[in-house]
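> Take this structure, written in structure tokens, and hold onto it; I'll ask about it next.
Each value in this text was obtained by applying a stated rule to the coordinates, not by laboratory testing. This one's a predicted model, so the numbers in the text were calculated from it and none came from an experiment. Every residue, glycine among them, receives a Cβ derived from its backbone with ideal geometry; neighbour counts consider all protein chains shown.
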Amino acid sequence: MRSRILSALVGAGAVACIVGMGAFMGSCSEVESCARGAEGCIGGPPDVSGNCQAGLVRNTAGTQCVEPGEEGAAPVDPCGCKANELCRADKQCVNVCINPTNLPARKAVPPPCEALAGEPPYTFQEASVALCYQVGVRRAELCPGSMFNPITDCSNEAASRAALLTCPLQNPDCAAALCKAARDRPCAMQQCQGNAQPNCEGVVCTQSCSTATFLNDGLCDDGDLSNAASAVCAWGSDCGDCGPRRGTAPVFDRDIGDPCTDPRQCGGNSTNIASSKGWCVPTDLSIDLYRCVSDCSQAGETCPAGYECAQLGQDLDGDGTANDPVTDNFGGVASACFPLQCGD
């Protein structure tokens, strides 16, 4: 083994190379520059990038460079990734804190047409904004050539002005009724601007989510990567929150580092955690970005430098705080490699 020969040489203070044996394919300079205890060398800390030299690996604590297979050594990375990178199934390395360039364009999520239970009733302005969103997201998807910019099209002033044409008394119930009508209108009856006719080919838009509590709650839950918060509902069945979908459901087969909305896309299996390969965790909350990261639920599984193995949480009590662990019926507790450098 290259590192074992290097260790013997450095331990003896030798600087000669033994290339003739064919065992060490490095160079004299590589041996000379790697003194025991030095940064990146046997017994020393990893270098500033978190890496070790000459075939050495970090220990499980990430504090010292050791030989592969030595007691306390972290598992050998089949990708040969640098610190802060995770290894994909295709042997490619990815840093999930670097935002991907292939993210789908974010789509607006329509707010509910009425205030949710326990919240103050909508004002006319709030109901008008919800109406504007419901109309806008549908026209953008169904009406050829139509565009929707919620920031400008549905500003408080613009939305209220449009709603006043039908609700001159500024009645919030009137605006809410219009909002529901727009939300539930079939594609073929969509009101496009001018003489344009809606394009309904391949459109899926129903209010048939199997979990009724997820309908019209202001969160999209059909698994789409552009604006979904989860995949609790089937594709296109949470249309009030997601807007119309066109085509087929996204494939549940994402690799480490890919954007995601649901653990199943990353190989996470909450019914048998031991079979899981990865999980979907937040990596950049400023843009609401979730990505697939490696599973580390089993004993002996570790994460590279820059990542921390931590339990996944779920909001079992519905209070908006995910503190409860993800467990299965076999005693498994789900953990994933959370990136430290991306922030909390």
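> Highest mean first, what order results for 282-295, 190-203 on Cβ atoms within 10 Å?
The most tightly packed comes first, giving 282-295, 190-203.
> In deg cm²/dmol and to the nearest 500, what is the mean residue ellipticity at 222 nm of the chain if only DSSP H runs of at least 4 residues count, each as -39500 (n - 2.57), divided by the residue total?
-5000 deg cm²/dmol
> So how much slack lies between Ser286 and Asn149, counting 0.36 nm per residue of separation and subtracting their Cα-Cα distance, in nm?
Between Ser286 and Asn149, full extension yields an extra 47.3 nm.
> Once amide H atoms are built 1.01 Å from N in the peptide plane, which residues 5 or more positions from Tyr307, or in another chain, come under 5 Å H to H?
Leu340
> Further, regarding this structure: Count charges around Val135 for me, please; just the other residues with Cβ under 13 Å from its Cβ, Lys/Arg as +1, Asp/Glu as -1.
With Lys, Arg at +1 and Asp, Glu at -1, the net is +2.
> I want the antiparallel fraction of DSSP beta bridges within the chain, as a percent rounded to 5.
Around 95 percent antiparallel, to the nearest 5.
> Now for a different question. Using alpha carbons only, how many angstrom separate the centre of the range 259-311 from the centre of the range 149-228?
Cα centroid to Cα centroid, the span is 34 Å.
> Rank by packing, highest mean first: peptides 126-138, 323-335, with packing defined as the count of other Cβ atoms within 10 Å averaged across residues.
126-138, 323-335
> Could you state the angle between the C-alpha long axis of helix 172-184 and the longest principal axis of the C-alpha atoms of the chain, as a value from 0 to 90 degrees rounded to the nearest 10?
70 degrees
> May I pose another question? Find the all-direction average of the projected area of the Cα convex hull for the chain, expressing the result in square nanometres with one decimal place.
22.5 nm²
> Using Cα atoms only, what is the angle between the long axis of helix 2-11 and the major principal axis of the chain, expressed in degrees (0 to 90) to the nearest 10?
Orientation of helix 2-11: about 50 degrees from the principal axis.
> Excluding same-chain pairs closer than 8 in sequence, count the lysine pairs in the chain whose Cα atoms lie under 25 Å apart.
Number of lysine pairs found: 4.
> Something else: If I stretch the segment between Ser270 and Glu119 completely, what's the gain in nm (0.36 nm per residue apart, minus their alpha carbon distance), one decimal?
That pair, Ser270 and Glu119, stretches by 51.1 nm at full extension.
> Between Glu301 and Ala249, what is the label-point separation in nm under the 7 Å Cα-to-beta-carbon projection?
For the pair Ala249/Glu301, the computed spacing is 2.4 nm.
> Quick check: the angle from helix 124-142's long axis to the longest principal axis of the chain, C-alpha only, nearest 10 degrees?
Relative to the chain, helix 124-142 is tipped by roughly 70 degrees.
> Right, another one. Using a cut-off of 10 Å between beta-carbons, work out the net charge of the residues near Tyr122 (Lys and Arg +1, Asp and Glu -1, Tyr122 not included).
Counting the neighbours of Tyr122, the net charge comes to -4.
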